[in-house]
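Report on one structure; see the data block that follows.
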Amino acid sequence: MAYFYEEPSHTFGEYLLVPGYSSDKCIPANVSLKTPLVKFKKGEEPRISLNIPMTSAIMQAVSNDTMAIALAKEGGISFIYGSQSIEDQAEMVMRVKNYKSGFVSSDSNIKPSTKLGEILELKDKTGHSTMAVTEDGTPTGKLLGIVTSRDYRITRMSMDTPACEFMTPFEKLIYADAETTSLSAANDIIWDNKLNMLPLVDKNQRLRYMVFRKDYTDNKEHKDELIDSKKRYIVGAGINTRDYAQRVPALLEAGADVLCIDSSEGFSEWQRITLKYIHENFGDKVMVGAGNVVDAEGFRFLAEAGADFIKVGIGGGSICITRETKGIGRGQATSVIDVARARDEYYKETGVYIPICSDGGIVNDYHMTLALAMGADFMMLGRYFSRFDESPTNKVRINGTYLKEYWGEGSNRARNWQRYDMGGEKKLSFEEGVDSYVPYAGSLKDNVSLSLSKMRSTMCNCGALTIKEFQQKAKLTLVSATSIVEGGSHDVILKDKFSRE
């Protein structure tokens, strides 16, 4: 006979936090949201920690290089989606790693013969207004000059004008020696000479790096940015259980800091095989998350298979219809609570702490805080990030309202059959995701700042200044349907109802 769980599974919306004692130290400014991303042994520090408990989902409609850069600036990490060619995914990872390292490798390069029309096309494609003119058009060729938007006037110049006729030539540039100039010294030169960019060249005049004024400013404005030892943004990448032998080395070569198996269901021999292959061929230095699971048994399976973090949740995403089509899943709150308990038991037994990621089920901001209270170390968010300027989808206007496109990896649009692979034919037999719209919400920075403010305030209400302390002190209560209604505005007429007329 089938096994029956005695208790129903619950969602985040069925819980509330009960306030605890708050000392005079419990103010939002004192709250730390730092949290481990990958497993570590007792007494040791994790190799990667997040400065905020947010990661963006492994989805075409969410996580490209633009999103990865924006989220890393705020202290989180994106996992570049894997439902694309290996070359394209590796290129996205590389763009994130090269975006900001203080010393930036030039990735918009032209020849002296490049025409103005071609330069404008390149500018539209990359968004870069500063371009290095090298002898052979390569990133490390002999530097002959620089072209910026101040060097040409579209209305007065022919599109056929070559760069050599309007570029700022090398002899008029302020530059520095790539071998001896530190980042601090380069920034001093930039500020002393009121430059936007300083090229660094070797003794043969070959371009090595570029240092930008805006990177210095970004560093000061983003105190929680997530960077590696070389001051490059940290970025993750999604992989599948089919082409990992080809995809993993390409992603590692591109600079990916951490990988994650993207699958709708992780309690599978395919994931064990994938993890084993990666660790045997690339060593334990390569960090790989796995999932998704919804119970203690699934967690234990992936923990013993070598996962560095484990994702929790099946069917709870806003565009996921796995529960409708297959009848498989579990309420997200119950899943997190069960797996968190298993993680803590595993830690007591082995001395190894494996972080868990709550993936799906987030409707309101406070659901993130509940997920943390229930034991999640961080969240993976799709719909939340898809609404922002930085997501890779189109912004459209429908009936006077701006929306962003958002589709699931299980939809025909994504064609990501590998995510739902069960060893059969290489195709998506039926859809487990939908193609939809979400309300446009503006910039990532503004929205994330607001969500984190709510999170810090709630933690203070519960007397906690760290996520770990929050999990120890949090008191949660199930709520009835009537009390859910009571929790919102009720029995009043909202003013904005009249302001629309």
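With all protein chains present, calculate the accessible area of ARG153 using a 1.4 Å probe and round the result to the nearest 10 Å².
Only protein atoms counted, so the area is about 130 Å².
Once phi is turned into θ = phi - 60°, what whole-Hz ³J(HN,Hα) does the Karplus curve with 6.51, -1.76 and 1.60 give for every residue of the stretch 142-158, x standing for Gly and Pro?
After applying 6.51 cos²θ - 1.76 cosθ + 1.60, I find 5, 6, 10, x, 9, 10, 10, 5, 7, 8, 9, 10, 4, 6, 10, 10, 6 Hz.
Taking amide H atoms as placed 1.01 Å from N in the peptide plane, list the residues 5 or more away in sequence, or in a different chain, whose amide H sits under 5 Å from that of LEU476.
Here the answer is VAL18, since their amide H atoms fall under 5 Å of that of LEU476.
Beyond 18 Å between alpha-carbons counts as too far, so tell me which of LYS25/LYS223; LYS142/LYS172; LYS97/LYS311; LYS73/LYS214; LYS34/LYS73 fall in that bin.
Exceeds cut-off: LYS25/LYS223; LYS97/LYS311.
Could you point to the label whose value was computed as P(r) over Cα pairs in 20 Å bins from 0, in percent for the structure here, given (i) 22, 47, 26, 4, 1, 0; (ii) 23, 53, 22, 2; (iii) 21, 50, 25, 4, 0?
(iii)
Could you give the length gained on full extension between ILE154 and ASN281, defined as 0.36 nm per residue of separation minus the Cα-Cα distance, in nm?
Once the chain is fully extended between ILE154 and ASN281, it gains 40.4 nm.
How many Å² of accessible area per residue for the chain, probe 1.4 Å?
So the chain comes to 49 Å² accessible per residue, rounded to a whole number.
By how many degrees, 0 to 90 and rounded to 10, does the Cα axis of helix 244-254 deviate from the longest principal axis of the chain?
50
How big is the accessible area of GLU486 in square angstrom, nearest 10, if you roll a 1.4 angstrom probe over the protein chains?
Accessible area, nearest 10 Å²: 130 Å².
Pull up the DSSP beta bridges for the chain and report the antiparallel fraction as a percent, rounded to 5.
Restricted to the chain, the bridges split so that about 55 percent are antiparallel.
Round to the nearest 10 and report in Å² the accessible area of LYS42, as given by a 1.4 Å probe over the protein chains' heavy atoms.
For LYS42, solvent-accessible area is about 150 Å².
Could you work out the local net charge near ASN64, counting Lys and Arg as +1, Asp and Glu as -1, over the other residues with Cβ closer than 11 Å to its Cβ?
-3
Quick one: with all protein chains in place, what share of the accessible area of the chain is carbon or sulfur, to the nearest percent (1.4 Å probe)? Don't skip to the end; give the middle numbers.
Details: 12020 of 24420 Å².
The C+S portion of the solvent-accessible surface of the chain is 49 percent.
Taking the 0 to 90 degree range and rounding to the nearest ten, how far is the long axis of helix 65-74 tilted relative to the main principal axis of the chain, both from C-alpha atoms?
Between the helix axis and the principal axis of the chain, the angle is about 70 degrees.
HN-Hα J couplings of the stretch 328-338 from phi, Karplus 6.51/-1.76/1.60, θ = phi - 60°, integer Hz, Gly and Pro as x?
Values per residue, Gly and Pro as x: 10, x, 6, x, 5, 4, 4, 4, 4, 4, 5 Hz.
Starting from the amide H of SER263, placed 1.01 Å from N in the peptide plane, find each other amide H under 5 Å away whose residue is 5 or more places distant or on another chain.
Amide H neighbours of SER263, under 5 Å, 5+ apart: ASN292.
Would you list ARG208, ARG47 from the most to the least accessible area, probe 1.4 Å?
Final ranking, largest accessible area leading: ARG47, ARG208.
What do you get for the angle between helix 116-126 and the principal long axis of the chain? Use alpha-carbon atoms, 0 to 90 degrees, nearest ten.
That works out to roughly 20 degrees.
Per DSSP helix of 4 or more residues, -39500 (n - 2.57); summed, then divided by the residues of the chain. What does that give at 222 nm, rounded to the nearest 500?
On the way: 16 runs with 162 residues, N = 501.
Computed ellipticity for the chain at 222 nm equals -9500 deg cm²/dmol.
For the stretch 182-192, take each phi angle, set θ = phi - 60°, evaluate the Karplus expression 6.51 cos²θ - 1.76 cosθ + 1.60, and give the result in whole Hz per residue in order, putting x for glycine and proline.
7, 4, 4, 5, 4, 5, 4, 4, 4, 6, 5
Any idea what the relative contact order of the chain is, in percent, if you count C-alpha pairs under 8 Å spaced at least 6 apart?
Averaging sequence separation for qualifying contacts and normalising by length gives 21 percent for the chain.
Applying 1/(1 + (r/R0)^6) with R0 = 56 Å to the Cβ-Cβ distance of SER85 and ILE493, what FRET efficiency is obtained, to the nearest 0.05? All intermediate terms of the calculation are to be shown ahead of the outcome.
Working: r = 55 Å, r/R0 = 0.98.
So, using R0 = 56 Å, E works out to roughly 0.55.
LYS468 label point, 7 Å along Cα→Cβ, cut-off 18 Å on backbone N: hits in the stretch 366-380?
Residues passing the 18 Å test: 372-379.
Starting from the amide H of ALA57, placed 1.01 Å from N in the peptide plane, find each other amide H under 5 Å away whose residue is 5 or more places distant or on another chain.
Here LEU381, GLY382 satisfy the definition.
The values are calculated or read from the model by the stated rules, or taken from the named source; none is laboratory data. Only a predicted model underlies this, so the values are computations on that prediction, with no experimental measurement involved. Neighbour counts are summed over all protein chains in view; Cβ atoms, including those assigned to glycine, are modelled from backbone coordinates with ideal geometry. All accessible areas refer to the heavy atoms of the entire protein, side chains included, with ligands and DNA or RNA removed. Shrake-Rupley method; radii C 1.70, N 1.55, O 1.52, S 1.80 Å.
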